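**Q** One structure follows; several queries about it will come next.
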């Protein structure tokens, strides 16, 4: 019983963190490259935590779905590294905002998909129990 309560608390914490990040993403300006990079790093860190918080607690998530999320996190990490490298090599480039905008859009899409796939499904799962 204690383990179930701890799992629910951990899932609730993960959901709250995700909602906070999603709200932050929606308020992030594409012109603020540093903010986009910081947001991306926070999303990747949250993705690491999702493995232990969410994936383990949702028995209905297929391995293929988890593998897709993991691959998506790897692509986001590559894109973040590219944006950071570009910012360091050419901080005055007009293309920097375009890259930042593209990455922010991908982060939003990723987080909105997580919201639909992981967190709403967990809410329904909790309601069914």
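The values are calculated or read from the model by the stated rules, or taken from the named source; none is laboratory data. Just so you know, these numbers come straight off a predicted model, no measurement behind them. Here the Cβ is made from the backbone with ideal geometry for all residues, glycine too, and neighbour counts use every protein chain on show.
**Q** Would you mind stating whether residue 85 is at pLDDT 95 or above and over 10 Å from residue 40 (Cβ atoms)? Lay out the reasoning, then the answer.
**A** Working: at pLDDT 95 or above: yes; over 10 Å from residue 40 (Cβ atoms): yes.
In short, yes.
**Q** For the range 14-37, give me the residue count where each residue is loosely packed, with under 14 Cβ neighbours inside 10 Å and in a helix (DSSP H, G or I). Give the derivation first.
**A** Looking only at the range 14-37, we keep the residues that are loosely packed, with under 14 Cβ neighbours inside 10 Å, and these are 16, 19-20, 23, 26-27, 29, 31, 34.
Filter again for in a helix (DSSP H, G or I), leaving 16, 19-20, 23, 26-27, 34.
Total satisfying the criteria: 7.
**Q** Here's another thing I want to ask about it. Answer yes or no as to whether residue 98 is in a helix (DSSP H, G or I), within 18 Å of the chain's Cα centre (by Cα), modelled with pLDDT of 80 or more and farther than 21 Å from residue 24 by Cβ.
**A** Numbers: in a helix (DSSP H, G or I): yes; within 18 Å of the chain's Cα centre (by Cα): no; modelled with pLDDT of 80 or more: yes; farther than 21 Å from residue 24 by Cβ: yes.
For residue 98, the condition - in a helix (DSSP H, G or I), within 18 Å of the chain's Cα centre (by Cα), modelled with pLDDT of 80 or more and farther than 21 Å from residue 24 by Cβ - is not met.
**Q** For the range 114-129, which residues satisfy the criterion of being within 14 Å of residue 46 (Cα to Cα) and either at pLDDT 80 or above or surrounded by fewer than 16 Cβ atoms within 10 Å (Cβ to Cβ) (or both)? Can you show your working first?
**A** Narrowing the range 114-129 to residues within 14 Å of residue 46 (Cα to Cα): 114-115, 118-119.
Across the range 114-129, the qualifying residues are 114, 115.
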